[in-house]
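The values are calculated or read from the model by the stated rules, or taken from the named source; none is laboratory data. Since the model is a prediction, treat every value here as computed from it, not as a measurement. Here Cβ is always computed from backbone atoms with ideal geometry, including for glycine, and neighbour counts include all displayed protein chains. The protein model used for the area step is the full one, side chains on, heavy atoms only, and it has no ligands, DNA or RNA in it. Shrake-Rupley method; radii C 1.70, N 1.55, O 1.52, S 1.80 Å.
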Amino acid sequence: MATNTEKIEVEVHGMTCAACVGRVERTLKSLPDVLDATVNLATEHASVQVPSNAPNIAAQIVQAIEQVGYRARLISQSLPEPEFDNDRPALSSTSSPYGESNELKKLRRDWLISLVFALPIFVLSMGPMLYSPWMQSMMQAMSMERWNMLLWALATPVQFGPGWRFYRNAYYSLKSWSPDMNLLVALGTSAAYFFSSLITFFPNALDNHSLHVTFESSAVVICLVLLGKLLESRSKQTTKDAITSLARLQPTTALRLSPSVIATTTEPSPLEAVSIEEIPVNELRIGDLVEIREGQSVPIDGVIQSGHSYLDESMVTGEPIPKEKGVGDPLIGGTLNGNGRLTMRVSAIGAETFLARITSLVAQAQSDKPPIQSTLDQIIRYFAPTVVALAVLTAIGWLLFSNENQLSNALIHSVAVLVVACPCALGLATPMSMMVGSGRGAELGILFRSQETIQKLASVSTLVLDKTGTLTAGKPNFQGAWILPDTPGSITENNLLELAALAARSSSHPIALAIREGAKSLKPKGLVMESQAVPGRGVQIRLSDLRRLYFGSYPWMQQLGLTSTSSDALEKELATKGFSLSWLAVNNSLVGALGVLDPIKEESVGCIESLKELGIHCELLSGDHPQAVSNVAKALKIDSWQGGQMPQDKAKRVDALRAKGNSVAFVGDGINDAPALAAADVGIAMGSGTEIAMNTADVVLANSYTRKIPEAIALARAVMRNIYQNIFWAFAYNLILLPLAAGWLSPWTTWAFTPMMAALAMSFSSILVVGNALRLRRFKL
């Protein structure tokens, strides 16, 4: 029997590179009750899958993370704050959703301290090398031994103050047998610091081998590494604002009609005659009536009860043109009302609102891990030990083969190797791009359910589209009713329309809605005793007078054995006009057909053109009549199409395309699209579609704006292109700079790649990766 599971979300602070991520993941996965765990460096967030009935598992997760040297706090549950020592401050409840503000404050403080001490060290150490009279002035002021003592006094607070974080994290990395960049920095700066301290306090210990101290290598390296981490942290905070900015769209207050009015009226009274109170949005309840004045934001999801206006939904859905809305139309919390005054009834609160669900999807997409990152994690796991071995070999090589200053050269180059090889850039290459890309998608109304989805969508070669509600408006217009020639004369076209409207009452299909709208003036009367939907076929009902009505597609009528030569002729005649037809049978007699016409969305032409420019092969599948599907396909210049498709037929077609080696995405919005959405490599649901379609899909478009389809694919490709650029730079950086740091060019030049230059290069590499990822915030199709 399957085990019920739940996901526990945890903030993890103190991670500095991909090796840290691997350590936390392995620690979590080693817990007996943990089924799976994913840790993201960019968001500093862990998602842990556990059995629902696991005892005290949340506290165990937090404790396990702390035992390997990081700070943790649950997001999904409330636990007492863990106690931290002075070096590991508790996370403040006033911090951002990810607690990053505290990390930024501590990093900024440590960096400023290191800067205050490292700057004079740099000036005193490098000034004489750049300006020889400076050296003479210094020697006249006091002896070299005393200058070394001063440099030691300045370097020590840096080494064991701001630099202590590297020792602490290095200890935990060794303890868990997963060395990381902290170990590299700790080893490199310690070698420089303690070697220089030896020269300072015991100048004759090395037989006057070298009196040159390298305190600038330790202090300035720590300062530059902290600067790089500070800039990374600030950039990560900026990308996280994609989530918090969504939350900020919702107003904090709402104008609620007084409870007494709500309790005694089903329709709102004239606005001037009712009592209105301003209350916090979180106090609203489902069913409350809320007034929205001109220019105000919609406070929460609801349905218009009175009024008419244009709503700007671009901040939530990304659709640029304001939408006309009237009585019965839904409203999304956070959107902006135009020049009309509205009264709406609250339909969703809390986590069930559209904005809350978008925020949840974005947070989930930014927290998981794409397949490409798993490969990088395996490489990075062995990277740090390899670098340590290379640094040792570098030191040995200089000691054995250098003609002069062997110990000094060995120290300088081995420290440079340790510092320059910090895998920060490699660890940030994927998560930063994914994080910025999913955040930008949310701003555009494109919601990725996971990072794996982005990677899959980027490689899609074939796109299969549903017709109704995707390429067409999804709001067909009633065209007419036609009675079969052999139908008894007692049934008129109005009778046919009234009976069809009764049968359509239990269906939310766009065709059923159009027929009910067409029969509104007739006000059909009748009592439906039983109603049963037949998926992909239609609906059958029993009326109070015991008549049975069958309302649905022509293939279903053929299956029921109710068709005739005259019905075949009428079907063919009406289908050539492009109508979507529904047939009505009373008891065992087919009486006639009703036709609707679903107009093609204006933006659908541009959508298909953009998809072709992206090299995507498009195919149209629909349950509608083949002629109606053919008309749409011709208008949009789609070469491949099939009509009369059942839900299982759509899924089979998707499977067939995948079997030929195609990477397939399916776009739909209805219940009948759910099997195909699940069968495709990537399922894309239109935001106006059914709940089951959106729950099955991998990508949800926040509205039915068709142009978002190619935009989503282009964004996914831009994200993956950005990732490959970052990975290339991270690897190329190490391949180029490691030989320089090891001193391979020394036989041909007097130029040396110092630890200070290594630290600067390492920081620049990380900043370059982060900056490249941030370019995605400006993405436009």
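Counting residues that are open to solvent by 50 Å² or more (accessible area, probe 1.4 Å), modelled with pLDDT under 80 and out of contact with any Phe, Trp or Tyr (no Cβ under 9 Å at 6 or more places or on another chain), which strands (runs of 3 or more DSSP E) fully inside region 620-730 reach at least 3? Because the criterion is at least 3 residues that are open to solvent by 50 Å² or more (accessible area, probe 1.4 Å), modelled with pLDDT under 80 and out of contact with any Phe, Trp or Tyr (no Cβ under 9 Å at 6 or more places or on another chain), no strands (runs of 3 or more DSSP E) in region 620-730 meet it. Residue selection: Ser630 satisfies the criterion of being touching a strand residue (DSSP E or B) at 6+ places or on another chain (Cβ under 9 Å) and farther than 20 Å from Leu457 by Cβ. Close contacts from region 109-123, counting a first residue that is farther than 13 Å from Ala155 by Cβ and crowded, with 18+ Cβ neighbours inside 10 Å and a second that is at pLDDT 90 or above and of a type in the set (Gly, Ala, Ser), with Cβ to Cβ under 9 Å and a gap of 6+ residues or different chains, come to Asp110/Gly161; Asp110/Gly163.
Yes/no matrix, rows are residues, columns are (1) open to solvent by 20 Å² or more (accessible area, probe 1.4 Å); (2) polar (S, T, N, Q); (3) in contact with a helix residue (DSSP H, G or I) (Cβ under 6 Å, 6 or more places away or on another chain):
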{"position": "Gln479", "(1), (2), (3)": "yes, yes, no"}
{"position": "Leu496", "(1), (2), (3)": "no, no, no"}
{"position": "Ala519", "(1), (2), (3)": "no, no, yes"}
{"position": "Gly538", "(1), (2), (3)": "yes, no, yes"}
{"position": "Arg542", "(1), (2), (3)": "yes, no, no"}
{"position": "Pro555", "(1), (2), (3)": "yes, no, no"}
{"position": "Ser566", "(1), (2), (3)": "yes, yes, no"}
{"position": "Leu570", "(1), (2), (3)": "yes, no, no"}
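Determine whether Leu151 is part of a helix (DSSP H, G or I), touching a Phe, Trp or Tyr at 6+ places or on another chain (Cβ under 9 Å) and either surrounded by 14 or more Cβ atoms within 10 Å (Cβ to Cβ) or free of Cβ contacts under 8 Å to residues at least 40 places away in the same chain (or both). So Leu151 passes the test. Tell me, yes or no, whether region 156-163 has at least one residue that is β-branched (Val, Ile, Thr), in contact (Cβ under 8 Å) with a residue 24 or more places away in the chain, more than 17 Å from Met757 (Cα to Cα) and crowded, with 20+ Cβ neighbours inside 10 Å. Yes: one or more hits.
Regarding region 427-441, can at least one residue be identified that is modelled with pLDDT of 85 or more, touching an Asp or Glu at 6+ places or on another chain (Cβ under 8 Å) and crowded, with 24+ Cβ neighbours inside 10 Å? No. Taking first residues from region 571-595 that are among the polar types (S, T, N, Q) and partners that are part of a helix (DSSP H, G or I) and open to solvent by 10 Å² or more (accessible area, probe 1.4 Å), the Cβ contacts under 7 Å between residues at least 6 apart in sequence or on separate chains come to Thr576/Gln627; Ser580/Ile511; Ser582/Ile511. Only a single criterion out of (1) modelled with pLDDT under 85; (2) assigned to a helix (DSSP H, G or I) is not satisfied by Met15, namely (2).
Taken across region 372-390, residues that are modelled with pLDDT of 80 or more, crowded, with 24+ Cβ neighbours inside 10 Å and hydrophobic (A, V, I, L, M, F, W, C) do occur, with at least one present. Those residues that are open to solvent by 20 Å² or more (accessible area, probe 1.4 Å), at pLDDT 70 or above and not charged (D, E, K, R), I need them from region 352-371; list them, please. Correct list: Phe354, Ala356, Pro371.
The residue of region 731-751 that is least open to solvent (accessible area, probe 1.4 Å), among those that are free of Cβ contacts under 8 Å to residues at least 24 places away in the same chain and among the aromatic types (Phe, Trp, Tyr), is Trp751.
Scan region 326-334 and tell me whether some residue there is under 29 Å from the mean Cα position of the chain (by Cα), part of a helix (DSSP H, G or I) and at pLDDT 85 or above. No, because not a single residue in region 326-334 is under 29 Å from the mean Cα position of the chain (by Cα), part of a helix (DSSP H, G or I) and at pLDDT 85 or above. Going by what's in this entry, would Leu502 be described as touching a residue at least 24 places away in the same chain (Cβ under 8 Å), in a loop (DSSP other than H, G, I, E, B) and open to solvent by less than 30 Å² (accessible area, probe 1.4 Å)? Criteria not met by Leu502.
Are any of the residues in region 71-80 at pLDDT below 80, under 23 Å from Thr43 (Cα atoms), of a type in the set (Val, Ile, Thr) and in contact with a strand residue (DSSP E or B) (Cβ under 6 Å, 6 or more places away or on another chain)? Yes: one or more hits. Within region 406-422, residues that are among the polar types (S, T, N, Q) sit with their Cβ atoms under 6 Å from residues that are at pLDDT below 80, at 6+ positions apart or across chains, in these pairs: Ser408/Ser210; Asn409/Ser402.
Any residue at all in region 307-314 that's modelled with pLDDT under 80, within 24 Å of the chain's Cα centre (by Cα) and of a type outside the set (Asp, Glu)? Yes - at least one qualifying residue is present in region 307-314.
Report whether or not Pro488 is modelled with pLDDT under 90 and assigned to a loop (DSSP other than H, G, I, E, B). Yes. State whether the residues of region 44-55 include one that is part of a loop (DSSP other than H, G, I, E, B), at pLDDT below 80 and buried (at least 21 other Cβ atoms within 10 Å of the Cβ). For region 44-55, residues part of a loop (DSSP other than H, G, I, E, B), at pLDDT below 80 and buried (at least 21 other Cβ atoms within 10 Å of the Cβ): present.
Which one of Leu484, Leu527, Leu546 is out of contact with any Pro (no Cβ under 7 Å at 6 or more places or on another chain) and open to solvent by less than 80 Å² (accessible area, probe 1.4 Å)?
Leu484
Take the conditions (1) in contact with a helix residue (DSSP H, G or I) (Cβ under 9 Å, 6 or more places away or on another chain); (2) of a type outside the set (D, E, K, R); (3) open to solvent by less than 30 Å² (accessible area, probe 1.4 Å); (4) part of a helix (DSSP H, G or I); Leu590 misses just one of them, which is (4).
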